[in-house]
Each structure stands twice: as C-alpha cells, then as structure tokens.
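Each reported figure results from applying straightforward, stated rules to the coordinates on display, with no laboratory input. All values reported here derive from a predicted model rather than from experimental measurement. Glycine gets a Cβ as well: all are built from the backbone with ideal geometry, and neighbour counts include every protein chain shown.
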Amino acid sequence: MHGVILGALICAAAVAPTAARAQHAVHSGFWRELRTPGFRRSRELLRQGRALLALAGRERRASHNARLLSAIRRFRLARELAPNDPEALFELGRSKASLRWPTAGGGEELTQADEARALLLELRARFPDYEARRVAFELGVLAAHAQDFPRAAREYERSLEARRVGEGAPSMHANLAEVYMLSGDLERAEEQYRVAIRLARPGRGLALSRFGLAVCLDRRDEPRKALAMVRRAMAAGGGSTDVLRSSGVFFEPAAELHYYEALALRARAEDARARTQRARLLRQAASALRRYLGGVAPETPFYELAARRLESLRRALRSASP
C-alpha cells in the first residue's frame with residue numbers, strides 16, 4: 001500500500017514542473033505570436049526540420065542530403081517568419097554545415113560551407129549568448145574541413161570555454177587535440193588527448209582518443225609508446241580499427257585515416273606469431289602508408305616521417321620474407 005501511494009506522489013512531483021513549463025510556453029508563444037505574426041508556424045517548421053535532421057543522421061549520403069535539404073527548406077522558411085528568433089538561424093547554419101557532397105573540395109561543397117559559416121557568424125554577432133558552445137563547435141568543424149587547423153583550434157577552445165561543467169568535454173578535448181596535431185603542435189596535442197582519455201567513458205570515444213594519442217606519439221618519434229597505445233585503442237574499440245570508419249568520424253585530410261590504420265597494422269604485425277601472417281600484415285601496413293603519402297602534399301608536417309616509416313616496413317618485409 002505504502003509503495004503505491006509513494007509512487008503516486010513521486011510521479012505527481014515529477015509532472016508538476018513540466019505542466020507549469022508547458023503552460024508558460026503556451027502563454028509565451030501566444031504573446032510572441034502577437035508581436036511576430038507567423039511565430040507559431042515557425043515553431044512547427046522547426047519541429048519538422050529537426051525531425052528530418054534526426055532521420056538524416058541514419059541515412060547514407062544521397063538520402064542523407066535529401067533529408068537535409070528538406071530540413072533546410074523548413075528552417076529557411078521558419079527564419080523568414082521569425083527573423084529575430086535565433087533558433088531558426090542556428091538550425092539553418094548547422095544543417096548546411098552537415099551537407100555531404102560527393103566531391104571533396106568541389107564548388108558546391110565550398111559554397112554550402114561558406115554559407116553555413118556566414119549564418120553561424122551572423123548568429124554569433126546578433127545573439128552572442130545563444131548556443132555559444134555549439135556555434136563554436138560547428139565553426140570548428142567547418143574550419144577543420146577547410147584544413148584551417150589554427151582557426152579550428154581557436155573555435156574548439158572557445159567551445160570548451162563556453163560549455164557547462166562536464167558537457168561534451170571528452171570529444172571536445174579530442175577534437176582540439178586533433179587540430180593541434182595537424183597544426184604541428186604535438187606537445188599540446190598529447191596533453192589534450194590525455195585529458196580526453198581521462199574523461200572518456202568506455203566505448204567509441206575512448207577508442208578514438210587512444211587512436212589519436214597513438215598517432216601523436218608516433219609523430220613525436222616514440223614508436224614503442226605509440227604501438228602500445230594503439231593496442232589499447234583497438235582493445236577499447238572491440239579489437240579492430242572499425243571505429244575509425246564509423247558514422248560521424250571524419251579525417252582532414254582524408255588520407256589521415258591511412259596513417260592511423262598503418263599504425264594499427266604495424267602493431268598487429270609485431271604481435272603476429274606466424275611468419276607468413278607477419279609478412280601479410282607488414283605488406284598491408286606499407287600499402288596504407290603509401291596511400292597516406294599519395295593523399296597528402298610533400299610539405300605536410302609528417303610526410304617525411306611517414307616516408308621513413310615506410311622504408312622501415314620495407315626492410316622488415318625483406319627480413320620476414322622466406
């Protein structure tokens with residue numbers, strides 16, 4: 001009996017604030033509609049657009065873009081109906097930033113990225129306190145895609161400064177570490193990766209942060225530590241490198257992925273017991289490094305190191321061959 005009464009009291013206590021907030025929202029929406037005719041319609045368009053964004057996150061490229069374009073049309077109309085409301089401006093900017101076009105660096109992709117950046121910067125200028133952390137994060141992603149790593153670092157730093165305690169911290173530290181590394185600042189990159197690892201929960205985020213730290217250590221010319229860390233990364237990711245190709249993970253430049261995979265293959269080759277298996281893994285690691293070298297410019301900070309690693313693999317292959 002007491003359990004039933006207590007349960008009812010807990011439920012009532014939980015519902016009461018929600019009902020009060022809903023009543024407040026109705027009154028608030030009524031007065032906003034009076035001040036801005038079309039405000040309620042803009043809310044409905046935002047709701048529809050967000051539902052389409054959620055669907056887009058589970059789609060492949062063509063369907064992903066189709067959903068996003070439908071969402072963008074709704075966000076654009078919502079903005080026209082309520083031009084002084086920051087929500088539609090934010091949703092329009094971040095959805096444009098999420099469009100995936102088939103040719104990296106193509107004109108359409110650059111146009112969408114430029115428009116997304118302009119919308120988010122307009123939002124920051126007009127409504128500096130609205131979603132400051134998420135605006136900085138989106139601008140950081142756009143800068144990383146443009147391979148402007150110093151600007152990406154500034155935006156990620158800004159996002160970390162604006163966050164609430166514990167909010168999105170592990171992934172933000174890992175993103176910051178990545179752009180520090182690509183800027184050539186390996187000391188700060190290692191520091192941020194270690195913070196991300198300390199804060200991360202078991203799972204994909206922990207695996208990705210460990211993979212990043214492993215690459216950073218390799219680029220600091222600490223190959224033994226790098227191989228030990230990449231083993232821990234694979235263990236956190238279920239024993240493979242699949243996490244590197246999971247949804248939502250991107251590399252700039254795209255060839256970076258091959259460096260990560262080459263490092264994991266080097267560790268697996270070192271651990272192989274059979275000579276034939278070791279030779280096969282070494283060949284795969286060398287192939288991954290060649291793809292990396294073929295996908296980045298010779299002036300890239302880690303090009304020469306990758307070339308040295310490739311030569312070491314060739315020597316190891318000669319020793320491993322029958």
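Summing Lys and Arg as +1 and Asp and Glu as -1 over all other residues whose Cβ lies under 14 Å from the Cβ of Pro150 gives a net charge of -2.
When you filter the chymotrypsin sites (Phe, Trp or Tyr not before Pro) in region 222-322 for DSSP loop state and at most 12 other Cβ atoms inside 10 Å of their Cβ, you are left with Phe250.
Considering only the other residues whose Cβ falls under 11 Å of the Cβ of Leu186, what net charge follows from Lys and Arg at +1 and Asp and Glu at -1? Please list the in-between numbers first.
Working: positive: Arg188, Arg219, Arg220; negative: Asp185, Glu187, Glu190, Glu191, Asp218, Asp221, Glu222.
Local net charge: -4.
With the highest mean first, a sort of the peptides 268-276, 218-226, 201-209 on other beta-carbon atoms found within 10 angstrom per residue produces 201-209, 218-226, 268-276. Kirkwood hydrodynamic radius computed over region 250-322 comes to 12.3 Å, based on all pairs of distinct alpha carbons. The ranking of His145, His173 by Cβ neighbour count inside 10 Å, starting from the fewest, reads His145, His173.
Charges only on Cβ, +1 for Lys and Arg, -1 for Asp and Glu: so what's the dipole of region 250-322 about the Cα centre, in debye to the nearest 20? Can you show the working numbers first?
Values: 14 positive and 8 negative charges, 132 e Å.
Here the size comes out at about 640 debye.
Volume per residue of the convex hull around the Cα atoms, evaluated for region 107-242, comes out as 111 Å³.
Reported to the nearest whole Å, the Cα centre-to-centre distance from region 36-85 to region 156-230 is 33.
With a simple spin-label model that places each label point 7 Å from the Cα along the Cα-to-Cβ direction, the separation between Glu122 and Ala66 comes to 2.9 nm. Relative contact order of region 250-322, taken over Cα pairs closer than 8 Å and 6 or more residues apart, is 35 percent.
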